[in-house]
1. Take the residues in region A:143-193 that are of a type outside the set (S, T, N, Q) and in a helix (DSSP H, G or I); name whichever of them is farthest from A:SER133 (Cα to Cα).
2. Can you pull out the helices (runs of 4 or more DSSP H) entirely within region B:64-137 that have at least 2 residues that are under 25 Å from B:ASP367 (Cβ atoms)?
3. Please state which of the following conditions A:GLN103 fails to meet, knowing it meets all the rest: (1) part of a helix (DSSP H, G or I); (2) open to solvent by less than 20 Å² (accessible area, probe 1.4 Å).
4. Looking for something among the charged types (D, E, K, R) and either buried (at least 20 other Cβ atoms within 10 Å of the Cβ) or under 24 Å from the mean Cα position of the chain (by Cα) (or both) - is there at least one such residue anywhere in region A:306-314?
5. Out of B:VAL290, B:VAL234, B:VAL306, B:VAL332, I need the residue that is more than 14 Å from the ligand (Cβ to nearest atom) and either open to solvent by less than 10 Å² (accessible area, probe 1.4 Å) or within 14 Å of chain A (Cβ to nearest Cβ) (or both). Which one?
6. Of the conditions (1) surrounded by fewer than 17 Cβ atoms within 10 Å (Cβ to Cβ); (2) touching a helix residue (DSSP H, G or I) at 6+ places or on another chain (Cβ under 8 Å), A:LEU97 satisfies every one except a single condition; which number is it?
7. Would you check if B:ALA350 is open to solvent by 50 Å² or more (accessible area, probe 1.4 Å) and over 16 Å from the mean Cα position of the chain (by Cα)?
8. Scan region A:372-383 for residues that are over 15 Å from B:SER333 (Cα atoms), open to solvent by less than 50 Å² (accessible area, probe 1.4 Å) and not aliphatic (A, V, I, L, M) and jot them down.
Amino acid sequence: MDLRFTPEELAFREEVRGFIRDNLPREIRERMRLGHPARKQDIVAWQRILNARGWAAYSWPQEWGGPGWTAVQKMIFLEENLAAPAPEVSSFNITMLGPVLIQFGTEEQKRRYLPRAANLDDWWCQGFSEPGSGSDLASLKTRAVKEGGHYVVNGQKIWTSTAHNADWCFLLVRTDPKAPKQQQGISFLLVDLRTPGVEVRPIISIDGSHHLNEVFFTDVRVPVENLVGEENRGWSVAKYLLGNERTGIARLGKSKERTRFALEKAREVNMNGKPLIEDRGFRTRVAQIEVDMKALEITQARVVSAYDKSQDGRPDPLSSVLKIKGTELLQGTSELLMDVGGPQAMPVWQQELAALTNEPALLPEWAVQATPAYLMLRAASIYGGTNEIQKNILNKAVLGL
Amino acid sequence: MDFDLTQDQRLMVESVGRLLADTYAFEQRKALLKTEQGWSPALWAQYAELGLLGLPIAEEHGGFGGGAVEVMLLMQEFGRHLVLEPYLATVVLGAGAIRLAGSPAQQGEILPAIAAGTTRLGFAHYERQARYDMTDVMTTATGAPGGGGFVLEGAKSVVLHGASADALVVSARTAGSRHEAAGLSLFLVDANAPGVTRRGYRLRDGTEAAEIALAAVKVPGHALVGEKDNALPVIERVVQAGIAATAGEVVGAMEAMQAMTLDYLKTRQQFGRPIGDNQALQHRAAEMMVALEQGRSMAMLASMMVDEPDAADRARNISMAKVGVGQSGRFVSQNAVQLHGGIGMTEEYAVGHFFRRVMVIEHMFGDTAYHLDRLADGVA
Ligand SMILES: Cc1cc2nc3c(=O)[nH]c(=O)nc-3n(C[C@H](O)[C@H](O)[C@H](O)COP(=O)(O)OP(=O)(O)OC[C@H]3O[C@@H](n4cnc5c(N)ncnc54)[C@H](O)[C@@H]3O)c2cc1C
């Protein structure tokens, strides 16, 4: 047992940190530090810079344009990227679609989609959830009927993150409604969102932003060559996608970065006549967060190094521990920063709009941004399998209760 | 001990509940939020007619002579429907200061106008650098040359309904330095007086607030509210009344979220059965109820402590209530969203609106950490 990174791993961390420091555009970094969500153009710009270095598809094998890193290297890369803070690479493109195509795709599909996904030339989104099928995903109803060289798709998806920015969607559809088990009649399709019959409608979330969408499919014709894996075997593809590559699931780098930022701001605001940073109650709260982060860091390292050693590449049920604690920490640290902002974190104020008219800063931007970030992160324990479902998984897979 | 409502209290709660059921359905409220003002002057007039605006105002000033308990009960109804009108700013805070410290002339002029719904006030005390600190006041009021009046200079932050108020109760230093308890005074300032600049915005819950700058604002000597240099006890009592009132509002909001969540647990189907069939979620709902009832007790405590003469006892109990209600509110609202899944995250669904109201209230008048600190200082 040795908690230390090897000299090679430490050198690798330095290399990643140095590259990000030298190449991340300052404006993007500053916006992210202030707590703004990354804009589409920022995400694209940064992913392309990473891709030029061969790092965007960080989890893919070298054969398909990835760096061929070990799980420990991937973990280090993700942490440094979040800690910068830099926009995250598109998880739809890199951690979901890529590995699925590499595992199940045809040569033609790999050649056609992978390089464009790595470079974010195509922006992908995930069309899984439906109004009636959230936690119970296998009950999905969107129907695809084969007619000659096409599947004709009808139905509705919901909660489709960034569909309004997307070019393509990977979609779960029902191809055999009569299959003895729900899981057996599902297929995985790649859909060009410019196809006639696709309609994307916005859903505004409680942070006031447009991130989510409903996507309606009316007689949408999808070429049969866009089927991934076998017809009616899409559930195994989806399960592979959801279970694959859990290295980044805890997003610990973000919690660490936000805690550091909150500490920095706690020097600038007051509590009972002293800087907040000197307040014992505040320091105790931060200490608790640091304890939790440290435990998670080591748990994550255990999962990751086991993954490197395992032969079967099957997801570790401990990844549910990473999801549960990781999202609790994301929520806890966003809550911390909002509380540091205090009353000034409550207004809705767009400094960017004011800046256009040369108005002076009315309110501290970091404080104003802290609250929408907090609000949006309430979803972290809902998406990617709710934390209740993660606990059910632990029960079934480990505890046997 | 008696926790029952009187006949009058019950009647008030019922009539307000009926009015709000008719006027504050989710879609109606959404339309109201979209208007420039963000609340309804017509409803404000109705509140005046029902006597709600004069609820805590003495009968001799056109009010009802009610106390903090009545205000809490009313705020609970407001919380259930997420009422947007400036009741807290005008009736609880602004009028509260005038009631507690105003001269007979000020009371005779302002309080009847508030009860009648023709004047609205803002309470401009907290400053940006102060965060929650009640003595951290840098705004100054100096004697105007020639005598008699004062000149105000400074800035106030997140003044609730400050942009649309007719007049502001402003705290300023007439003596002492930053953080000093002595040397504060209150002034009644025409919100449209020369030198007053108000920049309004919405808070995350849709209610209005403003940053207010005071640049060489001249006020006459009779604008002073209460004793010169000794306003802190008044400010504290106004803030305490605000805590008690919003505690009621949070209880109402928690009740609404609890009801919505229970309904959702019974109707939302996943895996072929209502999600509420899962014992994990049954326990969560029970924990929400525990939090709600503990919060309700604390709201009662706060309202019964508002008029407690022993200042230290009053402050301590009201801090306890702020902590208890704040923690309950956070727990209930976070879980209400969680148990709704994706739908709880949307602007089109009511639970998120309650969530944000409770969140905004938690960051008023000192947050949980601030009041815990004060309580910790007093642990003996
Ligand atoms: C911000 C955000 C982004 C998203 N992005 C995408 C996306 O890009 N693509 C996509 O396809 N989907 C996306 N989703 C959807 C997400 O995957 C679903 O919201 C999630 O699976 C939960 O489903 P649901 O919302 O229908 O909630 P439900 O499944 O109805 O759950 C409601 C509540 O019941 C609980 N529950 C349900 N079943 C059980 C059980 N058996 N035991 C105990 N508790 C249970 C849940 O934990 C939850 O608390 C996103 C969601 C959000 C909020």
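1. Start the filter on region A:143-193 by keeping residues that are of a type outside the set (S, T, N, Q), which leaves A:143-153, A:155, A:157-159, A:163-164, A:166-174, A:176-181, A:185-186, A:188-193.
With the extra rule that they be in a helix (DSSP H, G or I), the set shrinks to A:163-164, A:185.
Working: A:ALA163: 18, A:HIS164: 21, A:GLY185: 15 Å.
Looking at the filtered set, the residue picked out is A:HIS164.
2. On the way: elements: B:68-81, B:95-101, B:104-115.
So the answer is B:68-81, B:95-101.
3. So A:GLN103 meets the others, but not (2).
4. Initial filter on region A:306-314 (among the charged types (D, E, K, R)): A:308-309, A:312, A:314.
Narrowing further to those that are either buried (at least 20 other Cβ atoms within 10 Å of the Cβ) or under 24 Å from the mean Cα position of the chain (by Cα) (or both): A:308, A:314.
Yes, because at least one residue in region A:306-314 is among the charged types (D, E, K, R) and either buried (at least 20 other Cβ atoms within 10 Å of the Cβ) or under 24 Å from the mean Cα position of the chain (by Cα) (or both).
5. Details: B:VAL290 fails: either open to solvent by less than 10 Å² (accessible area, probe 1.4 Å) or within 14 Å of chain A (Cβ to nearest Cβ) (or both); B:VAL234 fails: either open to solvent by less than 10 Å² (accessible area, probe 1.4 Å) or within 14 Å of chain A (Cβ to nearest Cβ) (or both); B:VAL306 fails: either open to solvent by less than 10 Å² (accessible area, probe 1.4 Å) or within 14 Å of chain A (Cβ to nearest Cβ) (or both).
Just a single option satisfies the conditions, and that option is B:VAL332.
6. Of the numbered conditions (1) surrounded by fewer than 17 Cβ atoms within 10 Å (Cβ to Cβ); (2) touching a helix residue (DSSP H, G or I) at 6+ places or on another chain (Cβ under 8 Å), the odd one out for A:LEU97 is (1).
7. Numbers: open to solvent by 50 Å² or more (accessible area, probe 1.4 Å): no; over 16 Å from the mean Cα position of the chain (by Cα): yes.
When the stated conditions are applied, B:ALA350 does not pass them.
8. Going through region A:372-383, the residues over 15 Å from B:SER333 (Cα atoms) turn out to be A:372-373, A:380, A:383.
Checking which are open to solvent by less than 50 Å² (accessible area, probe 1.4 Å) leaves us with A:372-373, A:380.
Matches in region A:372-383: A:PRO372 only.
The values are calculated or read from the model by the stated rules, or taken from the named source; none is laboratory data. Worth saying up front: this structure is predicted, and the values here are computed from it rather than measured. Using ideal geometry, Cβ is built from the backbone for each residue, glycine included, and neighbour counts are taken over all protein chains shown. Surface areas here come from the heavy atoms of the whole protein model, side chains and all, with no ligands, DNA or RNA. Shrake-Rupley method; radii C 1.70, N 1.55, O 1.52, S 1.80 Å.
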